[in-house]
Amino acid sequence: LAKTTQPISMDSYEGQEVNITCSHNNIATNDYITWYQQFPSQGPRFIIQGYKTKVTNEVASLFIPADRKSSTLSLPRVSLSDTAVYYCSQTGRRALTFGSGTRLQVQP
Amino acid sequence: DVKVTQSSRYLVKRTGEKVFLECVQDMDHENMFWYRQDPGLGLRLIYFSYDVKMKEKGDIPEGYSVSREKKERFSLILESASTNQTSMYLCASSLLADNEQFFGPGTRLTVL
């Protein structure tokens, strides 16, 4: 059974880079790794998706090593508005597994 | 923008009642999903559907059923609500199963 594990919480300060790592136990060959952000009283919102190596978009980078047993979401220069819960997930044709979420608190 | 709407933001029901949660998406997505979200447990998949009238069980289907009669609408049914089904319920849709999912705002269900 696929299982994703991530830290429960992290603290940071404005302007710092934040890295959140997720472990992907039993990730299937065809699974993608996807990260979501969730604010209170809202549904999760897509941040970034990758299969392996590095993916970058306008808000984050995603690092996936060759063995794909982990992934690291990197948020450059966080601000107070990045305070949220971040979920990693592995998604395939018939499998969708989310981690339990990492609560990121950004301090001024 | 993709929009996923859920019929209620808050719902209070009594034990034993039949409960319907409705979800509608407006982007012609093939796949739709129902999750429940509980503190410390993250999102757990209840059911998903990859086509009209098609459904597959997720990780925690017990006590739930689903219906997808039209492509844009996916309903979650609690046949006989119980207190342990008190939770936040999230609906999502995606074009392909492994694409990004678009989530609705959630329905907070309380079963008394």
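Every read-out reported here was derived from the displayed coordinates using simple, explicitly stated rules and does not represent laboratory data. As the structure is a prediction and not an experimental result, all values here were calculated from the model. Positions of Cβ are backbone-derived with ideal geometry, glycine not excepted, and every protein chain shown enters the neighbour counts.
As a footprinting exposure proxy, order B:PHE74, B:PHE103, A:PHE63 by other Cβ within 10 Å, with the fewest listed first.
Ordered from fewest to most neighbouring Cβ atoms within 10 Å, B:PHE74, B:PHE103, A:PHE63 come out as A:PHE63, B:PHE103, B:PHE74.
What's the exposure ranking of A:LEU96, A:LEU80, going from fewest to most Cβ atoms within 10 Å?
A:LEU80, A:LEU96
For chain A, what is the relative contact order in percent, using Cα pairs closer than 8 Å and at least 6 residues apart in sequence?
38 percent
Comparing B:VAL52, B:VAL12, B:VAL66, which has the greatest mean-square fluctuation in the GNM of chain B with Cα pairs linked when under 10 Å apart?
In the Gaussian network model the winner is B:VAL12.
With Rg and the Kirkwood Rh both taken from Cα atoms, where does Rg over Rh land for chain B?
Reported Rg/Rh, Kirkwood definition of Rh: 0.94.
If the cut-off is a Cα-Cα distance under 25 Å, which lysines reach A:LYS52, setting aside same-chain residues fewer than 8 apart in sequence?
Those lysines meeting the cut-off are A:LYS3, A:LYS69.
Just grab the label-to-label distance for A:SER9 and B:GLU56, each label 7 Å out from Cα along the Cβ direction, in nm (one decimal).
Distance between label points: 3.7 nm.
Exposure proxy check: B:LEU78, A:LEU75 ranked by fewest other beta carbons within 10 Å?
Listed from fewest to most nearby Cβ atoms, that is B:LEU78, A:LEU75.
Run the simple label-point estimate for A:THR56 and B:LYS3 please: 7 Å along Cα→C-beta, distance reported in nm.
Each label point is offset 7 Å from its Cα along the Cβ direction, giving 3.6 nm.
I need the phi-derived Karplus couplings for region A:9-23: 6.51 cos²θ - 1.76 cosθ + 1.60, θ = phi - 60°, integer Hz, Gly and Pro marked x.
8, 8, 10, 8, 10, 3, x, 7, 8, 10, 10, 10, 10, 10, 9
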